[in-house]
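Worksheet: one structure, shown below.
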Amino acid sequence: MKRIISMFCLLGLSIIPAIAGIDPMLLEALQEASTPEEATRAHLELARAYWFPQIDSMEYHAQQALDIAKHHSPMLAAEAEAYNYLAGIAHHHGSLPASLEYGNQALYIYKTLGDSVGQARMYGNLAEIYKALENYSEALKNCDLALDMFRNMADSAFLSSVLLDKAKLHLKLNHPQNALEALKESQLLLIEQNENELLANSYAVQAMAHLGLGQLEPGRDKAKAALAMATNHEGLSLANQAFAEYLLKKAQPLAAVEYLKKAYGQAMMNHDIITGYALQKSLKDAYIMAEDYAMALYHDDIQDQLADSLFSIKKAQAVARVENKYELEAQINSNELQRVIIQSQTEAVKSAEMTKNVMGWMLALVLAGGLGLWFIFQRVRNLNIIMRRQREEILTNNERLTEMLEEINLQNEQIQYKNEKLAGLNAYKDKLFSLISHDFRSPLASVISLLKVIENGQMTLQESQVFAKQVGVRVQHTFQLVSNLLYWSKTQMKGVNPNPQVFALEDTLQEVYGVYQPIAQNKWVNLQMSMEGDHKVYADPDMVQTVVRNLVSNAIKYTPNQGTVSVEIQEGVSGMTIAVSDTGMGMDSETLEKLFGDHVTSKLGTQNEKGTGIGLALSKDFVDLNEGKIWVESVPGEGSTFFLYLPAPMSTLEEIDPKGEVTTESELVVA
């Protein structure tokens, strides 16, 4: 046996080319190995030495170590180490199902041996594999298991790395506060260990967590720190992505584009297609914000190409998972069969020796009987093996059919999604053309007719003044229509992003009052607004003004002559509420249920005023974008009250002007 293993090792060594940097003593140790234990250890040492300078050589030696260790039961620790290496190699090649299978094999052996260090490291490795498979909840569970064990062992090096991975997973799951808590502990350890590269990565992740919570200035500072420290592809990609996210929050899309392009380049150099897909989406959104729709369409095409690549990869992984499972099961069954044969042969030899010592004259008879029983036993075992393999082939074919059905279902879902997307675009186009063709023509035709009558001098001065007021009403209606259509069109194309800032609601009400007081007066409606005090909110002032305009316009439209429209501000614990009340027609329960939907049709006002039917739907979209609420209370025949809730600012904001001077909220110009 010693001679056979030694020759086997020498044969394997002859086909592996040596590379610079490998210790010759390791190769000599493999040549001189005379026992299975020595040969296995030599192969593992060489696999560790080849760790990614030459991945094929590393895989060869890890597989050789696994093959020898599996045939010798006292070598479970070496078998687990070989499985660990093969899991890392499969992960490097992108064979994630195979990597997961090898990792679970290693974890099972470490648990059997009671090796807590091996278990903790395998939990960390499995978390990385599940993250690559986009199974973030399972990855987070393995992270927590690894953290518990590393804390008990006081292993700060692995503890800081796993904490950083946990923070990244919390960001994937949209838990920014949890990510900050994990980063706080990780950064203290990384600073002690002087791990600057991992510290740069943690600053970038911390920046994105702050931005996710709306904390712009801390997010900017951490993104700058990450840019200053990062050196590898992953760190640079994370840092540029974080600073671009900050610029987008500050409504600087063109500046953000430059950092997003750098982040995308670094991600693709790191072969990270998932991150590249997300960055292309961010580039598309940035160009939409900058109203450069040609470039947005260009990056949308790149995003679709990456989506196709991701689908192909997932498809290949699904096929590989089935094939790998079949191969591993076949290999395990083969190894078990060999172990049973060896064990049976050993027991037969021992039985023969015991018989020889007890009764020499019955040796021939006992050997003949033992061999006969052994052949019968082998015959029955072979038949059982054949039947078991047939059953396994049937199960494997069923699993492959199931995988094919899943793949077909996935393709059908994608086709259905694209059809729904096209249907939505067609509905948007039809709605837009319908609004333009019907709602623009009537008010403009009325204005033209009134102007021709005035131009021909066919009326007195008093009549001209009356007509002029009517022209003003129709022009104001057309202006409101155009504004709503433009905003609604942008929201349908996903091109509107809020620009929240701190401002006083009294300023907004004063501007709306200046626009609609003449309209209300012309209709003999009493418009009352409470504009005293300093009630501040944190929202997009332009969007808020559009919502208030729509609510006040509707209130005037549906209030009869001598009626009243009142607007007041109600102060709450966490925000402000604007209440717009009227003494108009009111609404029944059926109308209220469909009021804020996409398919609401506008009713004529008390003087037959027309509307687009999109004012309240647009208002609902804007309120949702600003994290507010809108609702209505109405009694038919008595009137309605619309309520608009907006969040109050968390604290006094600070802005940095281009000269680097700090200004407080009271010095900002509200747009």
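The values are calculated or read from the model by the stated rules, or taken from the named source; none is laboratory data. Since we're looking at a predicted model, the values are computed, not measured. Because the Cβ atoms are built from the backbone with ideal geometry, glycine has one as well, and the counts that use them run over all protein chains shown.
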Take S34 and tell me if it is under 30 Å from H271 (Cα atoms) and at pLDDT 80 or above. no
Out of Q528, Q562, Q607, I need the residue that is surrounded by fewer than 21 Cβ atoms within 10 Å (Cβ to Cβ), at pLDDT 85 or above and assigned to a loop (DSSP other than H, G, I, E, B). Which one? Q562
Among the residues in the range 235-254, are any modelled with pLDDT under 85, farther than 30 Å from E291 by Cβ and assigned to a helix (DSSP H, G or I)? yes
In the range 110-160, anything of a type in the set (V, I, T) and crowded, with 21+ Cβ neighbours inside 10 Å is listed as I129
Looking only at residues in the range 225-260 that are surrounded by 16 or more Cβ atoms within 10 Å (Cβ to Cβ) and of a type in the set (D, E, K, R), which one is nearest to D165 (Cα to Cα)? E234
Is at least one residue of the range 288-298 surrounded by 15 or more Cβ atoms within 10 Å (Cβ to Cβ) and modelled with pLDDT under 85? yes
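Which one is farthest from S116 (Cα to Cα) among residues in the range 43-65 that are surrounded by fewer than 24 Cβ atoms within 10 Å (Cβ to Cβ) and among the hydrophobic types (A, V, I, L, M, F, W, C)?
The initial filter retains those residues of the range 43-65 that are surrounded by fewer than 24 Cβ atoms within 10 Å (Cβ to Cβ), namely 44-45, 48-60, 63.
When the remaining residues are screened for being among the hydrophobic types (A, V, I, L, M, F, W, C), the result is 44, 49, 51-52, 55, 58.
Working: L44: 20, A49: 24, W51: 24, F52: 26, I55: 28, M58: 25 Å.
Of everything passing the filter in the range 43-65, I55 is farthest from S116 (Cα to Cα).
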